[in-house]
Ligand code: GLU
């Protein structure tokens, strides 16, 4: 058997973090078993589904590196097939037409409520003679659900869960306008797409019983379900906007790397021993459906940030330059030309050591992009006293003859020069830093100076020495 999984988002908003995790789990499970991972856009609710939301889902999934196998399936395009299956159920006697009007049904529910009973459809058209059908009324099609016994779900995560059939009423499969309900379309699509395993949020657990009933009525093999507890906020309540539950793209904007978010989401509700840092290859090798927790995991931004710090350090320097270039150009209003790009690449090793996010990195990397004459930050301006300028003026002459121009040589020179001139290293290094970077903080200053090169460094010093 080839394992086939799917992610089936409803495009009614952005791809939230729980959806991203569902996509990841399904993809890993399929890859682990050498199977296929499919994407189905559940866009049957035309009023709430938008093309913008569909595009945002594609975008977020592709940024996260969770591309699907084959073309995504649009559920709304399969409407005819859903209606065909409803007809098949009618023909086999597993479904029937119900002509009850909305008013009649709300009256029924009011009576049930008044009698303290649960509100559910009472099966009034279940055994009624079709010749009783009122004229001019478009019926709905309902499943003739079993009334005795129980429906059993063998869940990958929850274990065995049982519901008495008496608790499930005859659900609607096809509305009076001919449109399929969610229950019917999901079952038909999962069957036609040959889905073998469904991993999804446990908010769908009760739906699973109804879906199993439809599978049984059709004598189709049902998939194996795994219902994963929803993600909670740090306070233990279900993750909501209040906790800053955002779309996956918001994490991109906050400067998280997709590999960090993948690793973080993987560990939210799934574990492999004490492993925290898990590569994509390890994830595929280990994600076999076991290790999924029954308790809801709590979203912890500090943990995500710690992972991001790790993945930033591990990332390829030139790729990081590419990732931050658009933000750099926006922040500095300067163009990242070839020279700036090569300086960024050279400085990246030190820059990334100090960054937690790409946003931090973009800020700290701006020093290699800003053009002369530099605007001094307040703290840098304070360092550049007349005395400091005098130190710089003298140092500039010494630097003009220094060979070779490397970070090590510059540092050795600075130590010797400071000692020879009765200066503390800071009395030389701090003004140099301010003059060359415009700031009082930077990566190791002699590395920065080495990267800028002699001419640029001397020009920057000159700008300061000559300013009044
Ligand atoms: N479309 C449903 C949702 O976005 C998921 C359906 C399913 O996974 O079965 O919640």
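The numbers here are math on the coordinates, done by the rules we state, and not lab data. Since the structure is predicted, the reported quantities are computational estimates derived from the model, not experimental observations. Here the Cβ positions follow ideal geometry from the backbone for every residue, glycine too, while neighbour counts run over all protein chains shown.
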Volume per residue that the Cα convex hull of the stretch 191-320 spans, once the total is divided by residue count, Å³: 148 Å³
Among 253, 189, 169, what is the fewest-to-most ranking by other Cβ atoms within 10 Å? 253, 169, 189
In Å and whole numbers, how far do the C-alpha atoms of the chain stretch along each principal axis, longest first? 108, 44, 42
Yeah, the stretch 303-348 with a ≥ b ≥ c from its alpha-carbon gyration tensor (a/c under 1.5 is rounded, else prolate when a/b outruns b/c, oblate otherwise) is oblate
Percent RCO, i.e. relative contact order, over the chain, from Cα pairs under 8 Å lying at least 6 residues apart: 13 percent
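Kirkwood Rh over alpha-carbon pairs of the stretch 279-399, then Stokes-Einstein at 4 °C and 1.567 mPa s: what D in µm² s⁻¹, rounded to an integer?
After rounding, the answer is 72 µm²/s.
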Is the shape of the stretch 23-66 best called rounded, prolate or oblate, per the rule: a/c under 1.5 gives rounded, else a/b larger than b/c gives prolate, else oblate, with a ≥ b ≥ c the square roots of the Cα gyration tensor eigenvalues? oblate
Rounded to the nearest 10 degrees, what's the angle between the helix 425-437 long axis and the longest principal axis of the chain, both from Cα atoms, 0 to 90? 60 degrees
Compactness of the stretch 145-252 - radius of gyration and Dmax, Cα, Å: 16.5, 51
Whole-Å distance linking the alpha carbon centroid of the stretch 211-228 with that of the stretch 403-440 is 72 Å
Between 0 and 90°, nearest 10: helix 102-114 axis offset from the chain longest Cα axis: 90 degrees
Simple spin-label estimate for residue 253 and residue 317 in nanometres, 7 Å along Cα-Cβ: 3.2 nm
Cβ density ranking, 10 Å radius, fewest first, applied to 125, 405 yields 405, 125
Rg/Rg_ref, the stretch 54-175, where Rg_ref = 2.2 N^0.38 Å and atoms are Cα: 1.44
Could you state the angle between the C-alpha long axis of helix 79-91 and the longest principal axis of the C-alpha atoms of the chain, as a value from 0 to 90 degrees rounded to the nearest 10? 30 degrees
State, to one decimal in nm, how far the label point of residue 194 lies from the label point of residue 81, with both points 7 Å from Cα in the Cβ direction. 1.3 nm
Once each part is reduced to its C-alpha centroid, what is the distance from the stretch 53-84 to the stretch 305-372 in angstrom? 34 Å
Under the helix-only model (-39500 (n - 2.57) for each DSSP H run of 4 or more, divided by the residues of the chain), the mean residue ellipticity at 222 nm, to 500 deg cm²/dmol, is -15000 deg cm²/dmol
